[in-house]
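*Asks:* I'd like to ask some things about the structure below.
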Amino acid sequence: MANKAPEVPPLHLAELTATQFLDIWNKFDTDGNGCIEGKELEHFILELEVARKGTSAEPSKASFRDRMKEFMLKFDENGDGKIEMSELAQILPTEENFLLCFRQFVGSSAEFMAAWRKYDTDRSGYIESNELKGFLSDLLKKANRHYDDKKLSEYTQTILKMFDLNGDGKLGLSEMARLLPVQENFLLKFQNIKLSSDEFESIFTYYDKDGNGYIDEHELDALLRDLYQKRKMVIDPQSLASSKKSIMALSDGGKLFRTELEIVLCKEPSF
């Protein structure tokens, strides 16, 4: 008698391990293209709705269409009509889920960047996949989060499967920043200010007058004011101060290097 396939845990479980998370993902990403879309997405949202209501009764078609629209507005972060694996990780209501674990215990973007710089020594915006375990271990230690080696290995393997989609053995800062809590994610705060590579190069070169590859806090203030004006955005002192604080969390001793600023402000970083 053939062995039965392992049962996929229902979406309403109070806790999910990283392995269970992948089982759920694979259930819905039936074509293996790295996202849930079309009929896959309909089935996923329907099961999630049913699980959350604690009943097997399906909602009406009209109600379901409205709920699906609401769902996508809330969770489809990049507005592409698809749910990516990292977006799904934020949807699943669990504490054990590895991304939510990091969102809860990684306290600040400053802590995140301090750990990141230890491994991204050439400021390329990437760390090698074989350095990921050490990076995650450092983050958990900074957050005073207890873990064993088995759990750390599970987190490591799952994040590799999430973020090293092309298998090149590199993990980018812009992707790994998804580990941060929303209020600490420096990328999310600048979604309305996205420059082309040429625009970014021009404005960074203008403010990095001595050509040393970084700008300081004073220069950042002028740069942000310039950006706000170019985008016809109101220069609200409180908003500007918040933006500066978020970006300066990326700085190294007050120095904000080109690569790190490019990740925040540029549509398509050049590296």
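None of the figures in this text is laboratory data; all of them are computed from the coordinates on show. All figures in this text were calculated on a predicted structure; none of them were measured in a lab.
*Asks:* Straight-line reach from K39: which aspartates and glutamates fall under 13 Å, measuring Cα to Cα and dropping same-chain residues less than 8 apart?
*Replies:* D29, D31, E47
*Asks:* Express in nm, to one decimal, how much length is gained between M248 and D31 on full extension, taking 0.36 nm for each residue of separation and deducting their alpha carbon distance.
*Replies:* Details: separation 217, 0.36 × 217 = 78.12 nm, distance 4.13 nm.
Computed gain between M248 and D31 is 74.0 nm.
*Asks:* Could you name the lysines whose alpha carbon sits less than 20 Å from that of K142, not counting residues in the same chain fewer than 8 places away?
*Replies:* K118, K133, K150, K151
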